[in-house]
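Okay, so here's the structure we're looking at.
Bear in mind that the values in this text are calculations on the coordinates, not laboratory data. Because the structure is a prediction, the values reported are computed rather than measured. FYI the Cβ positions are ideal-geometry reconstructions off the backbone, even for glycines, and counts take in every protein chain you see.
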Amino acid sequence: MFLRQAGYEVILAEDGFDALAKIADHQPRLIFVDIMMPRLDGYQTCALIKQNPKLKATPVIMLSSKDGVFDRARGRLAGSDRYLTKPFTKEGLVAAVTEYVKPSSIAS
């Protein structure tokens, strides 16, 4: 919701497998994964994204309610570019996005 209000196009997925299919179809400039996704969790999804030569350079931001050192390290090992802990603010979310996708490149 926050990202749509900020002018970004958002594509949602039901689980990790659905996310991978939608990523292949839409080739996004930034990917969010929740570590607690069903069927294929965020760590596994991120690792598969980063193993794909066509997607390897696409930034992945992990979302989680877990803020432990182990969880953050596991996210980095899977290939995530950033780790956001829930709850996060609208400003924090938009700041994370604009770090990787500049506002001037937002689709109209």
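Note on the chain: antiparallel DSSP beta bridges, both residues inside, total approximately 0 percent of the bridges counted.
On full extension of the chain, what length is gained from residue 67 through residue 47, given 0.36 nm per residue of separation minus the C-alpha to C-alpha distance?
Stretched out fully, the residue 67 to residue 47 stretch lengthens by 5.2 nm.
Summing charges over neighbours of residue 80, with a neighbour being any other residue whose Cβ is under 10 Å away from its Cβ, gives +4 when K and R count +1 and D and E count -1. Qualifying chymotrypsin sites (Phe, Trp or Tyr not before Pro) in region 30-91, where qualification requires a DSSP coil assignment and no more than 16 other C-beta atoms within 10 Å, comprise 88.
Counting only DSSP H runs of at least 4 residues, each contributing -39500 (n - 2.57), and dividing by the residue count of the chain, the helix-based mean residue ellipticity at 222 nm comes to -12000 deg cm²/dmol. Comparing mean-square fluctuations of 49, 23, 11 from a GNM of the chain with C-alpha springs under 10 Å, the top value falls on 11. Projecting label points 7 angstrom from Cα along Cα→Cβ for residue 5 and residue 98 puts them 1.5 nm apart.
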